[in-house]
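Just below is one structure, and these are the notes that go with it.
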Amino acid sequence: MGFKIPTVLNNFNTYGAGRKYVGVSSEVALPSFENMTETIDGAGIAGEIEEAIEGAFGSLETETTFQNISREYFDFVTQTGNITYRGSMQVLNTSTQTNDCEGLVVTTRGKVKSFELGSLKKGGKGEPKVVREVTYIKITIGGENVLELDKFNMIWKLNGVDRLQKIRSQI
């Protein structure tokens, strides 16, 4: 029995407050997750250990690049609700050697941290960017939730496992 290999993100679009930004956003840099840590050291331990604090992450941010400055770009800068990126991931079925597609949805919430106007270039793209501090992110692949982090509500789910449920129940 074969399996599916994700090969390329065939296409995607950006949404904010019900608005579809067709053809104006061009690329999104998703957050890097870095656990907050505490240094552990004590008797019987040969040195220091950086212990990851479950569900506690440093600053997370997205960077959305647009083709050029436009009304839609400035509208995106002012968005305060969910920002959603919906894509179609092309996958290769190894047993049939055929391509298929799976939906990919990344939903985020957060505030604009910075924005760059990019450049003005004759016959070219200006590539302005919007950077958002992310306080909530959820990723769904093929209809299955694979990651959810909600910093304000202490929710941290990875592959369907609620990794902070016990901690929430104890506090």
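Derivation of every value follows stated rules applied to the coordinates shown; laboratory data play no part. Since the model is a prediction, treat every value here as computed from it, not as a measurement. FYI the Cβ positions are ideal-geometry reconstructions off the backbone, even for glycines, and counts take in every protein chain you see.
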In the range 59-75, anything farther than 19 Å from Leu120 by Cα and touching a strand residue (DSSP E or B) at 6+ places or on another chain (Cβ under 6 Å) is listed as Leu60, Glu61, Thr62, Glu63
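Any idea which residue in the range 1-16 is farthest from Gly110 (Cα to Cα), counting only those that are aliphatic (A, V, I, L, M) and in contact with a Ser or Thr (Cβ under 8 Å, 6 or more places away or on another chain)?
Met1
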If we take the range 70-171, then strands (runs of 3 or more DSSP E) inside it with 3 or more residues that are of a type in the set (Asp, Glu) are 98-116, 144-150
For the range 65-102 the number of residues that are in contact (Cβ under 8 Å) with a residue 40 or more places away in the chain, charged (D, E, K, R) and either in contact with a helix residue (DSSP H, G or I) (Cβ under 9 Å, 6 or more places away or on another chain) or surrounded by fewer than 13 Cβ atoms within 10 Å (Cβ to Cβ) (or both) is 1
Of the residues in the range 1-53 that are farther than 24 Å from Glu148 by Cα and of a type in the set (Val, Ile, Thr), the one that is surrounded by the most Cβ atoms within 10 Å (Cβ to Cβ) is Val24
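Considering each of Glu102, Glu38 in turn, give the residue that is of a type outside the set (Val, Ile, Thr) and over 30 Å from Tyr15 (Cα atoms).
Checking each option against the conditions leaves just Glu38.
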ask   = Hey, any hits in the range 54-63 for a residue that's more than 28 Å from Asn153 (Cα to Cα) and buried (at least 17 other Cβ atoms within 10 Å of the Cβ)?
value = no
